[in-house]
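Everything on this sheet refers to the single structure shown next.
The values are calculated or read from the model by the stated rules, or taken from the named source; none is laboratory data. Keep in mind that this is a model prediction, so the values were computed, not measured. Methodologically, a virtual Cβ is constructed for each residue, glycine included, from the backbone with ideal geometry; neighbour enumeration extends over all protein chains shown.
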């Protein structure tokens, strides 16, 4: 029986790389790529409950734990692995409580990602944050600001203006939960712990 696996990420290059990694880790699998949450649901309905969902945490239409819970209710036997740069323990625990079977950092090398895939497929719960990966295996970015995604830079701009998470959510037409994830991720990337410190960097870099 063919394993139908859905890979979702809105970054084409990472999505393609993840698809190849899944095909290598789970031989004979048929991998379906999705760019939006709507595509994920449509593909799952068309081909039946997938053998595995491999999902980014931030892509169009996906609303974190709410969407995970929705997938769990609709496809109760399909494992869900979240692959993201976000590694906040509170968020990870919320995702697991909602029905996810695992979380692995995007910073993980291929061997660790493949291991996470096979373990989740075997029914195990997997958590691999960036901090769990040996330092010599973690990929580094040229500079913290350059490492921010376009959306994170937008959020940072609003942080500089003093907006709250709810206000940023309204401005960008996304959920406050998603804003919270972006804020946590950009604080980690910038190496600061407060919104004020991030705003200061934004002002210095003229973002």
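Restricting the search to the stretch 23-49, which residues are over 18 Å from residue 83 (Cβ atoms) and not in a loop (DSSP other than H, G, I, E, B)? Working first, answer last.
Of the residues in the stretch 23-49, the ones over 18 Å from residue 83 (Cβ atoms) are 27-28, 30, 38, 41-42, 45-49.
The answer is 30, 38, 41, 42, 45, 46, 47.
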Cβ-Cβ distance below 7 Å, separation of 6 or more or different chains: which pairs start in the stretch 86-110 with a residue that is assigned by TED's automatic domain parsing to the domain that holds residue 187 and end on one that is part of a strand (DSSP E or B)? none
Residue that is at pLDDT below 90, crowded, with 20+ Cβ neighbours inside 10 Å and in a loop (DSSP other than H, G, I, E, B), where the choices are 87, 100: 87
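Yes or no, residue by residue, for (1) assigned to a helix (DSSP H, G or I); (2) more than 14 Å from residue 83 (Cβ to Cβ); (3) under 14 Å from the mean Cα position of the chain (by Cα):
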| position | (1), (2), (3) |
| --- | --- |
| 2 | no, yes, no |
| 21 | yes, no, no |
| 58 | no, no, yes |
| 68 | yes, no, yes |
Scanning the stretch 154-179 for residues that are in contact (Cβ under 8 Å) with a residue 12 or more places away in the chain and not in a helix (DSSP H, G or I), which turns out surrounded by the most Cβ atoms within 10 Å (Cβ to Cβ)? 175
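I need the full set of residues from the stretch 189-207 which are in contact (Cβ under 8 Å) with a residue 40 or more places away in the chain and either surrounded by fewer than 18 Cβ atoms within 10 Å (Cβ to Cβ) or under 14 Å from residue 63 (Cα atoms) (or both), in order please. Can you show your working first?
Within the stretch 189-207, the first condition is being in contact (Cβ under 8 Å) with a residue 40 or more places away in the chain, and the residues that meet it are 189-191, 198-199, 201-203, 205, 207.
The answer is 191, 203, 205, 207.
Yes/no per residue for (1) under 24 Å from residue 115 (Cα atoms); (2) touching a strand residue (DSSP E or B) at 6+ places or on another chain (Cβ under 7 Å); (3) touching a residue at least 12 places away in the same chain (Cβ under 8 Å); (4) surrounded by 15 or more Cβ atoms within 10 Å (Cβ to Cβ):
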{"position": "9", "(1), (2), (3), (4)": "yes, no, yes, yes"}
{"position": "18", "(1), (2), (3), (4)": "yes, yes, yes, yes"}
{"position": "27", "(1), (2), (3), (4)": "yes, no, no, no"}
{"position": "34", "(1), (2), (3), (4)": "yes, yes, yes, yes"}
{"position": "39", "(1), (2), (3), (4)": "no, no, yes, yes"}
{"position": "44", "(1), (2), (3), (4)": "yes, yes, yes, yes"}
{"position": "52", "(1), (2), (3), (4)": "yes, yes, yes, yes"}
{"position": "57", "(1), (2), (3), (4)": "yes, yes, yes, yes"}
